[in-house]
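Structure record follows, encoded as structure tokens.
The values are calculated or read from the model by the stated rules, or taken from the named source; none is laboratory data. Here the structure is a predicted model, which means the values were calculated and not measured. Please note that ligands, DNA and RNA were not included when accessible areas were found on the heavy atoms of the full protein model with its side chains. Shrake-Rupley method; radii C 1.70, N 1.55, O 1.52, S 1.80 Å.
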Amino acid sequence: TKDIEDLVDRVEQHLQELGEKEIHAVKVGEKVIQEIYNMDDVAYVRVASVYKDFKEAKDFEQFTTGST
């Protein structure tokens, strides 16, 4: 969809602006998650739960409350 294409464009532009020859996958993943957060709260939590590899409910709770 157009929203996803726009998201990809924003991520690509951000990564190009970093000016780095190589970019770690972690940076890409974090930027994608940030962009998803701006688009859709539910999608953000779903993607982040997989990306962050939540194992237990407490992992989810810590993520959503911002505690460590």
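Rolling a 1.4 Å probe over the protein heavy atoms gives the chain an accessible area of 80 Å² per residue.
Relative contact order for the chain: 22 percent, from Cα pairs under 8 Å spaced at least 6 residues apart, divided by residue count. With contributions of -39500 (n - 2.57) from each DSSP H run of at least four residues, the per-residue ellipticity at 222 nm computed over the chain stands at -24000 deg cm²/dmol. Rg and Dmax over the alpha-carbon atoms of the chain stand at 13.5, 38 Å. Roughly what angle does helix 41-51 make with the longest principal axis of the chain, taking Cα atoms, 0 to 90 degrees, to the nearest 10? Helix 41-51 sits roughly 90 degrees off the main axis of the chain. Note on the chain: Lys pairs 8 or more places apart or on different chains, Cα atoms under 20 Å apart, count 4.
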